[in-house]
Amino acid sequence: MEEVRLMKGNEALAHAAIRYGADGYFGYPITPQSEVLETLEDEMPWETTGMVVLQAESEVAAINMVYAGAGCGKAVFTSSSSPGVSLMQEGISYIAASELPALIINVMRGGPGLGTIHPSQADYFQACKGGGHGDYHAIVLAPSSVQEMCDFVSLGWDLAFKYRTPAMILADGIVGQMMEKVVLPEQRPRRTEEQIRQQCPWATTGKKGRKQNIITSLELDDDRMEQNNLRFQRTYREIEKNETRCELINTDGCDYLLVAFGSMARICQKVMELAAEKGIKLGLVRPITLWPFPAQQIADAAKGCKGILTVELDAGQMIEDVKLAVNCNVEVKHYGRLGGNVPTPDEVLAALENLFINK
Amino acid sequence: MKEEIIIAGFGGQGVLSMGKILAYSGLMEDKEVTWMPSYGPEQRGGTANVTVILSDERISSPILNAYDTAVVLNQQSLDRFESKVKPGGVLIYDSYGIHTPPKRTDIKVYHINAMEATFELKNNKAFNMIVLGALLKVKPIVAVESVLKGLKKTLPERHHNLIPMNEEALHRGVDIMEE
Amino acid sequence: MDINDIIKPENRVYKRPALLNDTHMHYCPGCSHGVVHKLIAEILEEMNAEDKAIGVAPVGCAVFAYNYIDVDFIEAAHGRAPAVATAIKRLQPDKLVFTYQGDGDLAAIGTAETIHAANRGENIAIVFINNAIYGMTGGQMAPTTLLGMKTATTPYGRRADLNGYPLAISNLVAQLDGACYVTRQSVHTPAAVRKAKAAIRKAFENSMAGKGTSLVEIVSTCNSGWKLPPVQANEWMKEHMFEKYPIGDLKNV
């Protein structure tokens with residue numbers, strides 16, 4: 001029986017990474033995720049597993065260190081919050097274009113600009129629609145509990161290595177800062193040099209017994225660059241087919257459907273409790289992968305319901321994907337708070353009543 | 001069983017760590033727990049608050065609009081959270097520095113003099129444990145033994161010498177609530 | 001005696017280094033890059049480092065360095081080579097890790113990464129080609145462009161009041177505790193080439209010995225950007241570049 005611990009989401013994530021057998025972390029402090037680097041420095045994994053931990057000079061340097069580590073076939077990651085993740089976008093584009101597996105964590109805070117340190121989900125577009133330049137995607141996972149902050153570390157890396165693509169954990173200040181019970185995974189050994197050579201024959205590990213390996217995203221021949229792009233797109237279609245994940249709660253025969261991810265999905269579960277007391281039947285779809293987006297699952301869950309409310313800590317971003325999912329067959333509305341403010345459950349219920357029931 | 005608690009006061013009063021100790025105590029009793037702080041460097045010296053939920057079942061939202069119990073340790077927090085206590089709920093406040101006491105009559109209001117008790121104990125670090133003792137007297141959400149067990153588990157060995165002081169403060173809190 | 005009597009293995013006195021690919025380089029005639037590439041290939045071969053060398057290519061004219069030097073390579077985003085090299089070396093400490101960067105990459109967009117990698121004393125070697133101009137993008141001003149020098153973005157000559165001063169970044173790096181070896185060399189004569197080779201070899205050995213960061217600046221020409229024939233470009237370099245960027249060791253501990 002594994003020991004149950006009480007931890008912040010950010011701390012659980014750091015522990016999970018060590019236990020996954022991570023090879024390296026490169027990051028730069030920013031609220032509300034600095035506990036990731038602080039926990040790693042406190043745990044000193046270089047003394048135990050041999051994992052590298054480095055406080056870089058900037059987010060720009062950090063993401064390029066991750067790019068390099070991934071190029072070496074290593075399990076490497078970085079974490080930041082919204083403004084820092086904006087700085088990383090070029091590097092994420094390079095990682096995607098070089099077909100490298102890497103894990104990036106964004107514990108979102110309110111923006112735009114320097115904004116606030118309080119929770120937000122306003123980086124949905126940035127995370128799911130590219131962020132950096134060019135036609136690429138990162139797999140985006142949205143944890144809604146401390147346990148998921150822990151579990152999505154291994155899920156993220158496994159998917160990143162399987163598809164040779166960046167994976168992002170898109171959390172927010174609530175999930176990062178709150179403490180909950182968590183069961184950490186068993187410590188796994190880091191892969192040996194030989195195992196990395198076998199798993200990642202493309203990695204820059206020194207050209208012993210093989211031809212030179214080159215990690216690059218540069219291809220000046222347009223036809224070859226188009227072929228590269230088509231290969232990326234085939235991978236993305238594969239990911240969409242195999243890796244779309246969501247949680248459905250009481251969606252069968254519901255009057256209205258809520259769609260929310262991360263911390264907002266937690267608040268929506270309370271909204272469902274409050275609504276039930278008033279005799280309103282609410283269902284909830286919680287996308288776990290924001291890209292690929294669970295469009296089909298939402299379309300199925302929406303059949304027969306009178307309306308959909310997306311609840312987001314932004315001005316209405318995910319709602320665009322929900323509208324596309326139901327193809328205007330069901331009315332879709334949005335409720336959100338901005339700038340680091342978080343709606344209370346009764347506030348969300350009142351919004352639902354105003355937008356759909358008492359309109 | 002489900003208890004939704006807000007603890008609020010000045011940064012530096014031990015608000016967040018009191019919530020943490022309560023959460024750990026819940027963990028010792030195999031309860032589901034959530035600890036959600038107001039966070040960030042601006043809390044230092046400003047106001048700090050933490051929502052703690054203990055439950056026998058899976059906890060939904062860590063963010064609440066109403067609380068079963070509010071523990072408020074300064075005037076600002078009293079002004080902000082008095083109205084957020086559910087009817088029939090409990091409000092505990094420390095009298096130190098309070099110029100406008102709570103007015104609601106549909107909730108149970110308790111006032112304590114924990115700050116004065118810290119002066120008597122000559123230990124200002126004991127403040128939050130005194131408040132916690134007082135809270136547990138009114139609302140036995142967790143057993144005092146679980147609090148001590150939680151402390152032993154979470155404090156590093158080198159700080160275990162602090163446990164008797166904390167235990168004394170906890171009992172002191174129970175006592176002042178009886179007064 | 002015809003030519004076939006001469007071209008025999010026993011008569012061979014010079015050959016292409018094994019780690020320099022037999023391919024056409026895209027560099028302009030007279031460019032220093034080809035010479036420095038050859039030196040790196042030779043040194044890696046002499047050090048038996050073929051299996052453990054990992055190079056980091058820049059953005060700039062040398063972006064395709066990996067097509068010419070036959071070891072594992074990572075192509076870095078513009079200016080990020082020292083950060084990339086940092087991670088490679090930290091994650092694979094047994095490897096010989098070097099960056100190959102131009103003046104725009106190293107001393108403008110990548111200044112922070114250069115300074116901080118050296119300040120951390122990362123066990124990497126940095127080969128820095130300083131030709132005082134942006135070659136690949138078409139001859140714009142570099143941070144190292146001399147005062148009065150004409151470029152595409154300083155068509156009337158670099159002016160201190162408008163464009164600031166030429167940056168002697170190697171002198172800056174030499175101040176840092178993490179830097180163990182900082183030197184300035186050139187490759188415009190056979191004697192200079194030999195000295196440059198010894199310097200790069202020393203930098204590579206430092207990487208393997210874990211002595212800290214080494215930086216070898218090669219003061220170079222850019223005939224296309226300077227709009228001078230190769231020989232005249234060398235003359236111009238001696239006359240003007242060496243005054244601001246004098247050849248010699250800046251630090252050797």
Requested in this report: Confirm whether residue B:77 is more than 14 Å from chain A (Cβ to nearest Cβ), in a helix (DSSP H, G or I) and either in contact (Cβ under 8 Å) with a residue 40 or more places away in the chain or of a type in the set (Asp, Glu) (or both).
Outcome: yes
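So which of B:17, B:25 is within 11 Å of chain A (Cβ to nearest Cβ), in contact (Cβ under 8 Å) with a residue 60 or more places away in the chain and polar (S, T, N, Q)? Can you show your working first?
On the way: B:17 fails: within 11 Å of chain A (Cβ to nearest Cβ).
Residue meeting the stated conditions: B:25.
Looking for something within 25 Å of residue C:38 (Cβ to Cβ), more than 17 Å from the chain's Cα centre (by Cα) and either surrounded by 24 or more Cβ atoms within 10 Å (Cβ to Cβ) or among the aliphatic types (A, V, I, L, M) (or both) - is there at least one such residue anywhere in segment C:81-88? Steps first, answer last, please.
First, pick out the residues of segment C:81-88 that are within 25 Å of residue C:38 (Cβ to Cβ): C:81-82, C:84-85, C:88.
Checking the rest, the ones that are also more than 17 Å from the chain's Cα centre (by Cα) come to C:88.
When the remaining residues are screened for being either surrounded by 24 or more Cβ atoms within 10 Å (Cβ to Cβ) or among the aliphatic types (A, V, I, L, M) (or both), the result is C:88.
Yes, segment C:81-88 contains at least one residue that is within 25 Å of residue C:38 (Cβ to Cβ), more than 17 Å from the chain's Cα centre (by Cα) and either surrounded by 24 or more Cβ atoms within 10 Å (Cβ to Cβ) or among the aliphatic types (A, V, I, L, M) (or both).
Any chance you could count how many residues in segment B:80-114 are of a type in the set (Lys, Arg), outside any strand (DSSP E or B) and free of Cβ contacts under 8 Å to residues at least 40 places away in the same chain?
Matching residues across segment B:80-114 total 2.
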Considering segment A:38-69, residues that are surrounded by fewer than 24 Cβ atoms within 10 Å (Cβ to Cβ) and of a type in the set (Gly, Ala, Ser), and then whichever is farthest from the other protein chains (Cβ to nearest Cβ), we arrive at A:50
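Please list, ordered by residue number, the helices (runs of 4 or more DSSP H) wholly in segment C:187-253 having 2 or more residues that are under 27 Å from residue C:50 (Cα atoms), within 18 Å of the chain's Cα centre (by Cα) and not aliphatic (A, V, I, L, M). Walk me through how you get there before you give the answer.
Details: elements: C:190-209, C:223-226, C:230-236.
In segment C:187-253, C:190-209 are the helices (runs of 4 or more DSSP H) which contain 2 or more residues that are under 27 Å from residue C:50 (Cα atoms), within 18 Å of the chain's Cα centre (by Cα) and not aliphatic (A, V, I, L, M).
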| task | State whether the residues of segment A:278-298 include one that is in contact (Cβ under 8 Å) with a residue 40 or more places away in the chain, within 14 Å of chain B (Cβ to nearest Cβ) and under 29 Å from residue A:105 (Cα atoms). | result | yes
Filtering segment A:66-88 down to residues that are without any contact (Cβ under 8 Å) to a residue 40 or more places away in the chain and more than 23 Å from residue C:97 (Cβ to Cβ) yields A:87
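Return yes when residue B:37 is without any contact (Cβ under 8 Å) to a residue 24 or more places away in the chain, touching a strand residue (DSSP E or B) at 6+ places or on another chain (Cβ under 6 Å) and within 14 Å of chain A (Cβ to nearest Cβ) and no when it is not. Give the steps one after another, and end with the answer.
Details: without any contact (Cβ under 8 Å) to a residue 24 or more places away in the chain: yes; touching a strand residue (DSSP E or B) at 6+ places or on another chain (Cβ under 6 Å): yes; within 14 Å of chain A (Cβ to nearest Cβ): yes.
Taking the combined requirement at face value, the residue satisfies it.
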A careful count of residues in segment A:161-181 that are assigned to a strand (DSSP E or B) and either under 16 Å from the mean Cα position of the chain (by Cα) or buried (at least 24 other Cβ atoms within 10 Å of the Cβ) (or both) gives 9
Counting only residues in segment C:61-98 that are of a type in the set (Phe, Trp, Tyr) and more than 9 Å from chain A (Cβ to nearest Cβ), the one nearest to residue A:72 (Cα to Cα) is identified as C:98
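Give segment A:3-29 a look and list any residue that's of a type in the set (A, V, I, L, M) and not in a helix (DSSP H, G or I), or say none. Quick ask: steps written out before the conclusion?
Of all residues in segment A:3-29, those of a type in the set (A, V, I, L, M) come to A:4, A:6-7, A:12-14, A:16-18, A:22.
Listed by number, the residues that qualify are A:4, A:6, A:7, A:22.
Going through C:124, C:133, C:109 one at a time, which residue ends up being at pLDDT 95 or above and away from every other protein chain (no Cβ under 13 Å)? It would help to see each step written out before you state the result.
Working: C:124 fails: away from every other protein chain (no Cβ under 13 Å); C:109 fails: away from every other protein chain (no Cβ under 13 Å).
Just a single option satisfies the conditions, and that option is C:133.
Conditions (1) in contact (Cβ under 8 Å) with a residue 40 or more places away in the chain; (2) among the hydrophobic types (A, V, I, L, M, F, W, C); (3) farther than 21 Å from residue A:342 by Cβ; (4) assigned by TED's automatic domain parsing to the domain that holds residue A:343, marked per residue:
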{"position": "A:104", "(1), (2), (3), (4)": "yes, yes, yes, no"}
{"position": "A:118", "(1), (2), (3), (4)": "yes, no, no, no"}
{"position": "A:122", "(1), (2), (3), (4)": "yes, yes, no, no"}
{"position": "A:125", "(1), (2), (3), (4)": "yes, yes, no, no"}
{"position": "A:130", "(1), (2), (3), (4)": "no, no, yes, no"}
{"position": "A:135", "(1), (2), (3), (4)": "yes, no, yes, no"}
{"position": "A:139", "(1), (2), (3), (4)": "yes, yes, yes, no"}
{"position": "A:145", "(1), (2), (3), (4)": "yes, no, no, no"}
Just one listed residue, out of A:119, A:112, A:189, A:185, is within 13 Å of chain B (Cβ to nearest Cβ), at negative phi and out of contact with any Ser or Thr (no Cβ under 6 Å at 6 or more places or on another chain), and it is A:119
Only unsatisfied item for residue B:164, checking (1) without any contact (Cβ under 8 Å) to a residue 40 or more places away in the chain; (2) not in a helix (DSSP H, G or I), is (2)
Of the residues in segment C:45-65, those that are touching a Gly at 6+ places or on another chain (Cβ under 9 Å) and under 25 Å from residue C:78 (Cβ atoms) come to C:53, C:54, C:58, C:59, C:60, C:61, C:62, C:65
Residue A:275 vs (1) over 30 Å from residue A:10 (Cα atoms); (2) out of contact with any Leu (no Cβ under 6 Å at 6 or more places or on another chain); (3) in contact (Cβ under 8 Å) with a residue 40 or more places away in the chain: all pass except (2)
Tell me whether segment A:255-263 contains one or more residues that are over 23 Å from residue A:332 (Cα atoms) and acidic (Asp, Glu). no
Conditions (1) more than 30 Å from residue C:53 (Cβ to Cβ); (2) away from every other protein chain (no Cβ under 11 Å) -> residue A:178 fails only (2)
Residue A:269: passes all of (1) over 19 Å from residue A:302 (Cα atoms); (2) in the same structural domain as residue A:346 (by TED's automatic domain parsing); (3) among the polar types (S, T, N, Q) but (1)
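The values are calculated or read from the model by the stated rules, or taken from the named source; none is laboratory data. Source: prediction; values computed, not measured. Neighbour counts run over all protein chains shown; Cβ positions are idealised from the backbone, glycine included.
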